[in-house]
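The values are calculated or read from the model by the stated rules, or taken from the named source; none is laboratory data. This one's a predicted model, so the numbers in the text were calculated from it and none came from an experiment. Cβ sites come from the backbone with ideal geometry, for glycine too, and all protein chains shown count toward neighbours. Each accessible area value is taken on the protein alone, full model and side chains, heavy atoms only, with ligands, DNA and RNA left out. Shrake-Rupley method; radii C 1.70, N 1.55, O 1.52, S 1.80 Å.
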Amino acid sequence: MTETGILNDRRLRTLIASDAILGLSPFEDGQIQPASVDLRLGTTAYRLRASFLPGTDHTVRDRLDSDVVMHRLDLSEGAVLETGCVYLAPLQESLKLPAGISAAMNPKSSTGRLDVFTRVIADNAAAFDQAPEGYEGPLYVEICPRTFSILARPGDRLVQARLRTGGRQPGRDITVSVDLKGNGSGPIGYRARRHAGLIDLKKVGGHDPSIFWEPIPAGDGRLVLDPGEFYILASREAVEIPLDEAAEMAPIAPEIGEFRAHYAGFFDPGFGVESIGGKGGRAVLEVRGHDVPFILEHGQPVAKLVFEPMTDRPERPYGTAGSHYQAQHLKLAKHFGPI
């Protein structure tokens, strides 16, 4: 055990019991992950003219005036969040963090693989996806579906929070490159089909992947990224997150500027660990081309995994209880059926 690092599932449950993490309804099975807690949508969403940050002297609600809000949606019976629109939804969870504990947020893996761009906003925030030490207040999530419109309801989990003590601890990192050759018998990736229809977030395994995705066959180890298109690719390297560390995907070279190689960045301890069924697990890369066509080459570095210590090993590491992406190679979001 260390006194600095990412809090594990046991410590997260302790914070929930002490009301440092509060929910409008009781916490659900599976909501507490090995090194994070899933955050749930509330009953309302606002269609915004544009994204915003409240700034250090304002709450989020201070900013929700007629200049920003176009209309309000009731999520109670389900509501469609449309492609290309920006929404803001209050989350069911709020924070009352003790001194020394801060929070960072990120999209869940399935959110990134649906090309749904999300960012969490706290009151008085000057940056997205952060709640400083001692923060007390509500949380909101900005949602922008990029390729597929989604049907959202209260309780849907698009984002997660990772809590740490002692501030961010610099750790080792490893480079992640892209696999554009595969195993020779299947696709090396998938390109999203535009105007494919609606994704119901409640229907796990309930969508026909052929309607939403175009397989990319293996070729000469090159792939041209078209501007504005969304791709699911896999890392060339197998990834293993030891039980005493957590990791986050980060850009390797932001100055390249021609593509974005990930949306959902948290990797929990236990991912890829052979003893819990993860041997050979790859990082799935959510890739979007930017302004000009860009050629990716097999083995080209595209991101890095930055590791941080855990305060303690998790009681239930990734892969021990209903983990959707353990031992994955190239895998779509859990909402899609078999290829």
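Worth a mention:
- The range 216-325 - percent of accessible surface contributed by carbon and sulfur, probe 1.4 Å: 49
- At q = 0.13, 0.17 Å⁻¹, base-10 log of I(q)/I(0) for the range 22-92 (Debye sum, equal scatterers on each alpha carbon): -0.49, -0.79
- Going by accessible surface with a 1.4 Å probe and the largest first, 76, 177, 185 read 185, 76, 177.
- Dipole check for the range 299-339: with +1 at the C-beta of Lys and Arg, -1 at the C-beta of Asp and Glu, and the Cα centre as origin, the magnitude is about 180 Debye.
- Residue 243 long-range amide H proximity, modeled H, under 5 Å: 270
- Estimated translational D of the range 128-195 in µm²/s (Stokes, Kirkwood radius over Cα pairs; 37 °C; 0.692 mPa s): 188
- Our coupling estimate for the range 177-191, obtained by passing each phi through the Karplus curve with A = 6.51, B = -1.76, C = 1.60 and θ = phi - 60°, is 10, 9, 9, 10, 10, x, 9, x, 10, x, x, 9, x, 9, 10 Hz, Gly and Pro reported as x.
- Relative frequency of Cα-Cα separations exceeding 18 Å in the range 171-226, percent: 52
- Heavy-atom accessible area for residue 133, with the other protein chains in place and a 1.4 Å probe, reaches approximately 110 Å².
- Dipole-positive endmost among 66, 180, 91 within the chain (Cβ charges, Cα centre): 180
- Over 21 Å [Cα-Cα, the range 122-246], rounded percent: 63
- Computed over the chain, the Cα gyration tensor eigenvalues convert (square root of 5λ each) into semi-axes of 30, 25, 19 Å, ordered from largest to smallest.
- Accessible surface, the chain, averaged per residue in Å² (probe 1.4 Å): 42
- Estimated vicinal HN-Hα couplings, Hz - the range 30-46 in sequence order (Karplus 6.51, -1.76, 1.60; Gly, Pro = x): x, 6, 8, 9, x, 9, 6, 10, 6, 10, 10, 5, x, 9, 9, 9, 10
- Inter-part distance where the range 178-240 and the range 270-339 are each reduced to a Cα centre, Å: 14
- Cα lying deepest toward the dipole's positive end in the chain, options 310, 134, 79, charges on Cβ: 79
- The relative contact order of the chain comes to 21 percent, based on Cα pairs under 8 Å that sit 6 or more residues apart.
- Cα centre as origin, Lys/Arg/Asp/Glu Cβ charges: the chain dipole, Debye: 580
- Theoretical ellipticity at 222 nm over the chain - DSSP helices of four or more residues, -39500 (n - 2.57) apiece, nearest 500: -1500 deg cm²/dmol
- A cut-off under 13 angstrom between Cβ atoms defines the neighbours of residue 202, and their net charge, with Lys, Arg +1 and Asp, Glu -1, is +2.
- Amide H within-cut-off set for residue 193, under 5 Å, with H built and near neighbours excluded: 213, 214
- Debye intensity ratio I(q)/I(0), log10, the range 1-155, q values 0.18, 0.19 Å⁻¹ (C-alpha model): -1.16, -1.28
- Distant-in-sequence amide H partners of residue 120 (H built 1.01 Å from N, under 5 Å): 129, 142
- Rounded to the nearest 20 debye, the dipole size of the range 48-124 about its Cα centre is 240 debye, using +1 on the Cβ of Lys and Arg and -1 on the Cβ of Asp and Glu.
- Considering only 250, 124, 330, and ranking their Cα positions along the charge dipole of the chain that arises from unit charges at the beta-carbon of Lys, Arg, Asp and Glu, the one farthest toward the positive end is 330.
- Listed peptides 309-315, 80-86 by packing density, highest first (mean Cβ within 10 Å): 309-315, 80-86
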